[in-house]
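So the structure is just underneath, and the comments pick up after that.
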Amino acid sequence: MPAEFSMRTSPLRDVASQVGVAKPDPAIVVDDVTRTFGGLVAVQVEHLEFQRGCITGLIGPNGAGKTTLFNLLTGFDQANSGRWTFDGKPLAKLPPHRVARLGVVRTFQLTKALSRLSVLDNMMLGATGQRGESMWRALLPGMWRGQEREVEDRANELLERFKLDTKRADFAGTLSGGQRKLLEMARALMSQPKVVMLDEPMAGVNPALTQSLLEHVKDLREQGMTVVFVEHDMDVVRDISDWVVVMAAGKVIAESPPESISHNKEVVDAYLGAHHDAPLTVEEEDKVLAEAEAVIRAERAAQAEALDAAAREPL
Amino acid sequence: MQQVLDVLIISTKAFFGPLAVFYALMAIGLNVHFGYTGLLNFGQIGFAMLGGFGIAISVTTYGLPFAVGVLVGLLAAVLFALLLGLPTLRLRADYLAIVTIAAAEILRLLFRSVSATPITGATRGLSGFSGDFYALSPFETSARYTILGARWSGRELWVVSVGWTLVALGCLAVWLLMRSPWGRVIKAIREDEDAARSLGKNVYAYKMQSLILGGIFGALGGMIYALATSSANPDQYQSANTFLAYAALILGGTARVLGPVIGAMIFWFLLAFTESGLVELTGADGIIPPEILSSTDVAQIRFVLVGLGLMTLLIFRPQGIFGDRREVMLDAR
Ligand SMILES: Nc1ncnc2c1ncn2[C@@H]1O[C@H](COP(=O)(O)OP(=O)(O)OP(=O)(O)O)[C@@H](O)[C@H]1O
Ligand SMILES: [Mg+2]
């Protein structure tokens with residue numbers, strides 16, 4: 001069995017490495033989305049598809065617009081224009097809680113632990129469809145007690161898997177930075193989402209735990225979940241992604257399987273700062289000179305022509 | 001010795017008196033708003049005024065039955081909450097604070113304006129609406145009862161009995177709600193709205209529910225106050241009352257079911273204690289000479305002393321009487 005497991009053939013093996021390429025079974029489809037902050041174009045994506053049941057890594061330099069894209073897709077920010085759908089249902093203009101209820105759940109780059117709630121309460125909050133969350137039924141504990149116990153069991157199970165079970169009764173505000181990342185991811189899973197969007201889930205988590213987290217993310221894929229995650233560590237991206245999308249300056253500049261992403265010229269340029277800081281070679285210098293001379297010659301010719309035309313004008 | 005006993009008796013009466021009920025109910029509402037949901041409502045007195053005037057206007061101005069007056073007061077509080085919440089609950093917390101304090105002041109100025117005289121009695125206010133309420137009393141209205149040395153009239157006893165029953169029921173409701181999944185969402189919103197949203201909770205609707213619930217407690221407080229004084233006057237409902245209720249809440253401990261109640265009781269006990277104590281000390285055979293403190297200044301100076309006491313408490317016990325110190329310390333991280 002393990003052999004077969006490692007031989008997992010990606011449903012994306014026949015997909016071309018090309019920006020905006022169509023996927024066989026996309027869960028999320030993004031079209032012509034733009035978001036500007038004043039003069040800054042933070043996101044400008046023409047077409048992007050996220051394959052269902054796959055792990056898609058979203059990478060790009062700082063300020064590329066990855067978090068902004070997450071915010072747009074999950075309703076936390078308003079796009080200037082554009083459409084995006086989940087399972088064919090349009091998501092644009094839906095408030096965040098409606099997006100979450102459809103099964104698209106995200107985590108935040110800057111963790112949002114609910115400090116003065118216990119770790120267990122943080123987890124239990126994540127469960128959806130809780131009867132006791134209605135004000136009237138809340139007054140009648142009989143209506144929700146049974147469900148509450150199920151939710152608690154599930155929360156404890158997840159806490160154990162994320163190695164937070166010993167912290168169960170502590171305030172979430174007492175957790176360390178890495179533990180908060182873990183808690184937030186576990187909490188998102190409490191809602192049994194169809195799509196999870198993780199914004200730098202491994203940042204600040206120690207390497208040993210990263211390994212087990214990665215296994216966990218792969219598990220989610222086995223369960224049929226669609227995972228989109230932002231990550232700066234290329235080893236992590238290569239390890240678990242089925243597909244990698246690269247953003248720079250708001251645009252998607254490349255898409256491909258993880259093995260071939262580092263051969264892509266656009267990507268190398270985006271990360272290393274393109275031609276600007278490379279010294280000019282002799283040929284390039286000559287080329288620039290020639291171009292400048294050509295421009296001057298053209299201008300002179302235009303001036304002469306204008307003078308000629310003026311001279312020929314009847315008085 | 002007799003004097004010390006007198007002071008204690010007077011203070012104990014204040015501990016259980018109608019003012020303590022009034023502030024306890026307002027503070028229970030503020031606890032729902034601020035303590036549990038993180039909503040900064042600085043216009044709680046507006047809700048109280050709508051409660052008091054709901055009864056007064058219905059009964060005195062329009063001659064409706066007392067029960068209808070109570071319903072009108074509660075309904076007015078619900079509408080006021082909707083009016084305040086609809087435009088502001090989507091915005092940051094400070095907007096609600098500004099809008100609520102302004103709205104409460106506008107409401108008071110509106111009620112005391114000359115053109116409102118036929119309805120609210122303007123600056124003279126309304127009276128003569130509490131007859132039906134006292135008719136329900138099992139106590140002899142004119143009789144005197146002595147409890148723990150303090151003399152209570154039948155009217156007072158009836159008001160505080162109803163008042164403390166309301167407080168008890170209110171605490172029960174808050175306790176049930178806050179240990180339920182509903183309460184968990186409410187507390188999550190206090191901690192981080194966006195986190196709650198990302199988990200599929202309709203934050204706006206929950207905040208609105210909280211605003212209405214807390215506002216109803218404010219209205220009930222205002223009703224007890226109006227009934228206890230048998231009058232409703234717009235100038236009784238100054239914004240300072242909101243802040244005294246906050247003081248009571250913080251003294252008792254926020255986000256604790258009994259915090260606002262015990263806070264209000266102790267607050268009024270301390271006020272009565274310092275006042276009657278100072279009256280004794282500055283009186284004819286008192287030990288404080290009038291050059292230092294005249295007996296006419298006592299009413300003001302008691303607030304100064306209680307304020308100093310509150311400050312000391314918050315320095316040494318920032319979580320209030322019932323609060324959990326660990327919770328307060330989390331913010332320092
Ligand atoms: N609310 C905002 N107001 C103004 N500018 C913003 C806002 N949010 C994001 N930006 C800008 O949009 C650009 C994209 O930001 P974003 O947070 O999406 O980057 P990112 O790809 O997530 O970067 P990182 O890897 O550092 O997290 C940045 O230049 C940022 O300054
Ligand atoms: Mg980011």
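Taking B:TYR246 as meeting all but one of (1) under 11 Å from the mean Cα position of the chain (by Cα); (2) surrounded by 24 or more Cβ atoms within 10 Å (Cβ to Cβ), write down the number of the exception.
B:TYR246 satisfies all of (1) under 11 Å from the mean Cα position of the chain (by Cα); (2) surrounded by 24 or more Cβ atoms within 10 Å (Cβ to Cβ) except (2).
Quick one: would you say A:HIS263 is surrounded by fewer than 17 Cβ atoms within 10 Å (Cβ to Cβ) and within 16 Å of ligand 2 (Cβ to nearest atom)?
Working: surrounded by fewer than 17 Cβ atoms within 10 Å (Cβ to Cβ): yes; within 16 Å of ligand 2 (Cβ to nearest atom): no.
Spelling it out, it is not the case that A:HIS263 is surrounded by fewer than 17 Cβ atoms within 10 Å (Cβ to Cβ) and within 16 Å of ligand 2 (Cβ to nearest atom).
Name the residues in the range B:143-161 that are open to solvent by 20 Å² or more (accessible area, probe 1.4 Å) and touching a helix residue (DSSP H, G or I) at 6+ places or on another chain (Cβ under 9 Å), would you?
Selection gives B:ALA143, B:ARG144, B:TYR145, B:ILE147, B:LEU148, B:GLY149, B:ARG151, B:ARG155, B:GLU156, B:TRP158.
Could you please find all residues in the range A:22-54 being more than 20 Å from A:ARG238 (Cα to Cα), open to solvent by 10 Å² or more (accessible area, probe 1.4 Å) and away from ligand 1 (no atom under 15 Å from the Cβ)?
Of everything in the range A:22-54, those that are more than 20 Å from A:ARG238 (Cα to Cα), open to solvent by 10 Å² or more (accessible area, probe 1.4 Å) and away from ligand 1 (no atom under 15 Å from the Cβ) turn out to be A:ALA22, A:PRO24, A:ASP25, A:PRO26, A:VAL29, A:ASP31, A:ASP32, A:GLU46, A:HIS47.
Please verify whether A:LEU175 is in contact (Cβ under 8 Å) with a residue 60 or more places away in the chain, aliphatic (A, V, I, L, M), surrounded by 19 or more Cβ atoms within 10 Å (Cβ to Cβ) and at negative phi, treating the condition exactly as stated.
yes
In the range B:83-111, how many are in contact (Cβ under 8 Å) with a residue 40 or more places away in the chain and hydroxyl-bearing (Ser, Thr, Tyr)?
1
Identify the single condition in (1) more than 9 Å from chain B (Cβ to nearest Cβ); (2) out of contact with any Lys or Arg (no Cβ under 9 Å at 6 or more places or on another chain); (3) buried (at least 21 other Cβ atoms within 10 Å of the Cβ) that A:VAL195 does not satisfy, given that it satisfies every other one.
Against the list (1) more than 9 Å from chain B (Cβ to nearest Cβ); (2) out of contact with any Lys or Arg (no Cβ under 9 Å at 6 or more places or on another chain); (3) buried (at least 21 other Cβ atoms within 10 Å of the Cβ), A:VAL195 comes up short only on (2).
Find the residue count for the range B:65-120, including only residues that are among the polar types (S, T, N, Q) and not in a helix (DSSP H, G or I).
Within the range B:65-120, the subset among the polar types (S, T, N, Q) is B:88, B:100, B:113, B:115, B:117, B:120.
Filter once more, keeping what is not in a helix (DSSP H, G or I): B:113.
Qualifying residue count for the region: 1.
Among the residues of the range B:302-312, what is the count of those that are open to solvent by 50 Å² or more (accessible area, probe 1.4 Å) and touching a residue at least 24 places away in the same chain (Cβ under 8 Å)? Write out each step before concluding.
First, pick out the residues of the range B:302-312 that are open to solvent by 50 Å² or more (accessible area, probe 1.4 Å): B:303-305, B:308, B:311-312.
Adding the requirement that they be touching a residue at least 24 places away in the same chain (Cβ under 8 Å) leaves B:303, B:305.
So the answer is 2.
Any idea which of A:LEU209, A:LEU158, A:LEU198 is touching a strand residue (DSSP E or B) at 6+ places or on another chain (Cβ under 7 Å) and either under 24 Å from A:MET225 (Cβ atoms) or in the same structural domain as A:THR226 (by TED's automatic domain parsing) (or both)?
Details: A:LEU209 fails: touching a strand residue (DSSP E or B) at 6+ places or on another chain (Cβ under 7 Å); A:LEU158 fails: touching a strand residue (DSSP E or B) at 6+ places or on another chain (Cβ under 7 Å).
Just one listed residue meets the conditions, A:LEU198.
All but one of (1) outside any helix (DSSP H, G or I); (2) within 11 Å of chain B (Cβ to nearest Cβ); (3) within 20 Å of A:LEU214 (Cα to Cα) hold for A:GLN109; which doesn't?
For A:GLN109, the failing item is (2).
Tell me which of these A:LEU214 doesn't satisfy, since it passes every other one: (1) more than 16 Å from ligand 2 (Cβ to nearest atom); (2) in contact with a Pro (Cβ under 7 Å, 6 or more places away or on another chain).
Unmet for A:LEU214, out of (1) more than 16 Å from ligand 2 (Cβ to nearest atom); (2) in contact with a Pro (Cβ under 7 Å, 6 or more places away or on another chain): (2).
Being assigned to a helix (DSSP H, G or I) and either touching a residue at least 60 places away in the same chain (Cβ under 8 Å) or open to solvent by 50 Å² or more (accessible area, probe 1.4 Å) (or both) is true for just one of B:ILE321, B:ILE292, B:ILE287, B:ILE315. Which residue is that?
Going through B:ILE321, B:ILE292, B:ILE287, B:ILE315 in turn, just one is assigned to a helix (DSSP H, G or I) and either touching a residue at least 60 places away in the same chain (Cβ under 8 Å) or open to solvent by 50 Å² or more (accessible area, probe 1.4 Å) (or both): B:ILE315.
Out of everything in the range A:125-140 that is facing chain B (nearest Cβ under 7 Å) and more than 23 Å from A:GLY75 (Cβ to Cβ), what residue ends up being most open to solvent (accessible area, probe 1.4 Å)?
Restricting to residues being facing chain B (nearest Cβ under 7 Å) and more than 23 Å from A:GLY75 (Cβ to Cβ), the top hit is A:LEU139.
Conditions tested, residue by residue: (1) more than 14 Å from chain B (Cβ to nearest Cβ); (2) not hydroxyl-bearing (Ser, Thr, Tyr).
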residue	(1), (2)
A:THR68	yes, no
A:ASP77	no, yes
A:ASN80	yes, yes
A:THR85	yes, no
A:LYS89	yes, yes
A:ARG101	no, yes
A:ASP121	no, yes
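Of everything in the range A:55-69, what is over 21 Å from A:SER256 (Cβ atoms) and open to solvent by less than 50 Å² (accessible area, probe 1.4 Å)? Give them in sequence order. Break it down into steps so the answer makes sense when it comes.
So the first thing to find is which residues in the range A:55-69 are over 21 Å from A:SER256 (Cβ atoms), and the list is A:62-63, A:67-68.
Of everything in the range A:55-69, those that are over 21 Å from A:SER256 (Cβ atoms) and open to solvent by less than 50 Å² (accessible area, probe 1.4 Å) turn out to be A:THR67, A:THR68.
Are any residues in the range A:214-261 assigned to a loop (DSSP other than H, G, I, E, B) and aliphatic (A, V, I, L, M), and if so, which ones?
A:MET225, A:ALA249, listed by residue number.
Taking B:GLY253 as meeting all but one of (1) closer than 26 Å to B:VAL72 by Cα; (2) within 14 Å of chain A (Cβ to nearest Cβ); (3) touching a helix residue (DSSP H, G or I) at 6+ places or on another chain (Cβ under 7 Å), write down the number of the exception.
All conditions pass for B:GLY253, except number (1).
Is it the case that some residue within the range A:60-72 is within 19 Å of B:LEU199 (Cα to Cα), within 16 Å of ligand 2 (Cβ to nearest atom) and assigned to a loop (DSSP other than H, G, I, E, B)? Don't jump to the end; show me each part of the working.
Going residue by residue through the range A:60-72, those that are within 19 Å of B:LEU199 (Cα to Cα) are A:67-72.
From the residues that got through so far, the ones that are within 16 Å of ligand 2 (Cβ to nearest atom) too are A:67-72.
Now drop any that are not assigned to a loop (DSSP other than H, G, I, E, B), which leaves none.
Checked the range A:60-72: no residue is within 19 Å of B:LEU199 (Cα to Cα), within 16 Å of ligand 2 (Cβ to nearest atom) and assigned to a loop (DSSP other than H, G, I, E, B).
Identify, please: which residue in the range B:192-209 is surrounded by fewer than 21 Cβ atoms within 10 Å (Cβ to Cβ) and in contact (Cβ under 8 Å) with a residue 40 or more places away in the chain and is, among those, nearest to the other protein chains (Cβ to nearest Cβ)?
Out of the qualifying residues, it is B:TYR204.
The values are calculated or read from the model by the stated rules, or taken from the named source; none is laboratory data. The model shown is predicted, which means the values in this text are computed figures rather than measured ones. Reconstructed Cβ throughout: ideal geometry from the backbone, glycine too, with neighbour counts over all protein chains shown. Heads up: the accessible areas ignore ligands, DNA and RNA and are worked out on the full protein's heavy atoms, side chains in. Shrake-Rupley method; radii C 1.70, N 1.55, O 1.52, S 1.80 Å.
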